[in-house]
Structures are given as C-alpha cells and as structure tokens.
Amino acid sequence: MRLSQKADVAYLALRQAIMEQALTPATKLPEDPLAEQFQISRTLVRAALARLASEGLIEMGNKRTATVAQPSLDEARAVFEVRRCLEAEVVRLVCQRWQPAWRAPLEAHVSQEQAAAAAGQANVSIRLAGEFHTLLGELSGNPLLTRYLSEVTTRCSLILAVYGRPHSSDCAVNEHRQLIDALARQDAAEATRLMASHLEGIEQRALLPRGRRDEQDLGSILSQYTRSVESR
Ligand SMILES: [Zn+2]
C-alpha cells in the first residue's frame, strides 16, 4: 500500500469511527499512537487530522493535541440553520435537473439505511442517512454547493450522534423514500415541503444530551475501523 493510501485509510477510519461514535466527543487523538496504528509518519497523521478539523469533526487543542469535537447546542442550532438553506437549494436544483437514472442509486442507498436500522446499527444508520443528503448534493451539479452541504451534513451527523435521542430510524427512511418520489415527479413544491419537515424532525431529535461511554481503547477501536475501510 502506498503512503498516501495509508494516509487516506487513517483519515477514513478516524472519520467513520467518529461519525459512528465509536470515538466519543473529547476523546484525545495523540499523534504518536495514531502514527504507529496506521504505520504512517507524524506529518501524514497531522494532514489527516487537519482534514478532519476542517470538517468540524475534531478540535485542535492549544498543545496541538487533537480531540474529537464536542459541538455545543448553540453551534448545533447554527449548523442546522445553514443546512436548511443549503438543502432547500439542493432540492430545487435536483428537481429542475432530474434524470430518471438517478432514482435507482438513491433507492439503493435508502435500502442500505434500512438494513442498518433493521440490524440495530443506530450509528451506522445515522452516517448513511447523512450520506443520502450528500448524494443529493452531488446531483445538484453545483460543486461548491456539494462541498458546503457535505461539510454541514457531516457536522449534523456528529451533532445527532452526540445529542440525538434514540428514535425509530424507519421514520427517516420513509421520509427519504417520499423525497425521492417527489423529486422523480419533479414536484419542486412538494419536495421542498418534505425536505423542510424532514430537517425539522432531524433537528428536534438532536436536542437531548445522552450519557457518555466509559474510557475506550483507541488502538482496538481504530484497528476495527481500519479493517472496515480497507475491505471496501
Ligand atoms: Zn435525511
């Protein structure tokens, strides 16, 4: 495996572990153990951490020790405000530019979400649900909008993983299916309405703090995620 690929594995494994809350907020991510874990230099570890920091998933402390980000409720509200604006524009553009070939991949993604929910993998299904929105962003055909939405959706998934109360994921999956139907009919008014109420539901679920988990072993969590990223 090339060095740059190893750096990508480090970035992806950390990202997935954070998004699925295997690594909980405030967990320290020191450079040396990470370099050893992923068998890369500290420079490459820093590059991977910088990418995660730019997505709002980790915070760099004053002694340059990274920790998993712990967004406050005020930050969470601000992120959702921005997300509502971006998603409304995404829905408008996707409706306008809709192509029938888009339906199958969107539906396949929702089936994956449903399978994760049925298997009781709540945090996997949160991540997949976020990726559904990123997918819609890509279909908008506007790269800048796609990038901003991807960043905001990632932050929302982290917020939901941190603050979200346990809920039935079926609801979200059904809402995604309804959204696909409205987009496929190019019914912009209905799609916009569905998206607005869908996002309101997500925001409401992101309000109750949950208990923290116990101390965790960084090495064993990351080996699991490294394997999962490499086997893709
Ligand atoms: Zn959704």
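If I filter the range 32-51 for residues that are closer than 22 Å to S150 by Cα and assigned to a loop (DSSP other than H, G, I, E, B), do I get at least one hit? Taking every residue of the range 32-51 in turn, none turns out to be closer than 22 Å to S150 by Cα and assigned to a loop (DSSP other than H, G, I, E, B). Remark: pairs (first residue in the range 126-148, more than 18 Å from R15 (Cβ to Cβ) and more than 14 Å from the ligand (Cβ to nearest atom); second residue modelled with pLDDT of 95 or more and among the acidic types (D, E); Cβ separation under 7 Å; 6+ apart in sequence or on different chains) = L145/E89.
The values are calculated or read from the model by the stated rules, or taken from the named source; none is laboratory data. Keep in mind the model is a prediction, meaning the values are calculated, not measured. In this analysis, Cβ positions are derived from the backbone assuming ideal geometry, glycine residues included, and neighbour counts consider all displayed protein chains.
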